[in-house]
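**Student:** Dropping the structure in here first, questions after.
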Amino acid sequence: MDSQSVNHSPDLPRELWIQIFNLLTRKDLLRSSTVCKEFYSYAMDPILWKTLDLKLSLDNLRLQQNLLSRCTMLLTLQLRGQATSHSETPKEALNSLVDVLSDKCIQLVSLQTMNCHNLSTDQIAQLTNTTSVCSIKQTTHFIMNNFGSNDYETTGTWQFNDQVITCHEAVTTDYYRKGNPYKILASPGSSIISFSFNLSLERLSSVSISLNHCRTTADGIVCMTVNGKPAEMREDGSFGKKVIMAPRYNFGMESFSICLQQLHDGQNKVTICLDSSSPGVYWLSDATIEAFFT
């Protein structure tokens, strides 16, 4: 049969075509859009692109910007940073991306960013000032897997793409979890680990830190500070030592609120220190900082 005689696009109402294309995944929609102009029109109809999850890539940034420019009915967007530092999306490129979001995605109501280190406080402020955006969730995930399983260099500052981690007398090991390293704080009053992250205070509503941690049978006790100050808010409004008792015997995730009064516009630091009175050691697997803007 002559391929030119095949009817690739039956005479169906556009609404039915949109319903058919709505059954496809995002990846299949993009593939379908390359078949012909008519399929492109169906596959890229804004009504099909109300939610989107983008892993930022410098190689595909122009394509991602073009895609976002067509998503004029976009409601929910998640942006995820890169896993390796050499492919980090530069700030200049993110400026263009933010401009597209502010100009084209005027119906956006929810934005989530994961490990977008180069998304600056000014860019966050630009997005929060877009009146259609009702909420932004900014997440930075710090993991100990980036350290070698036998990394005995216990003091220093390391930057793994979006993760800035400072340690003092904190050994890395995977002794009890082969291939999945964690940090051990074993010197009371001296062992610390700090996490640095950027924040815009504009429309900031809450910030929390989640720790995947563990204490031994001897009860490793740690205290938390925010930007060098005690993190426990008292009834009279002052701040005192915030003591944390991690789950025993096995790692568990716990979340702790951070008082907005202690935060700066720009870089901030949360520090976990093995308390000087601690009878035991403390293990930390990973930490997550979550900031919400409304």
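Just so you know, all these numbers are worked out from the coordinates, no wet-lab data involved. From a predicted model like this one, the values you see are computed outputs, not experimental measurements. When we count neighbours, we look across all protein chains shown, and the Cβ atoms used for this are built from the backbone with ideal geometry, even at glycine.
**Student:** Which log10 I(q)/I(0) values does segment 195-254 give at q = 0.16, 0.20, 0.27 Å⁻¹ under the Debye formula, counting every alpha carbon as one identical point scatterer?
**Tutor:** -0.68, -0.95, -1.18
**Student:** Roughly how many debye, to the nearest 20, is the charge dipole of segment 169-238 about its Cα centre, given +1 on each Lys and Arg Cβ, -1 on each Asp and Glu Cβ, and no other charges?
**Tutor:** Details: 7 positive and 7 negative charges, 57 e Å.
In total the dipole reaches around 280 debye.
**Student:** Of all alpha-carbon pairs in segment 27-82, indicate the percentage at a distance above 15 angstrom.
**Tutor:** Tail fraction, whole percent: 51.
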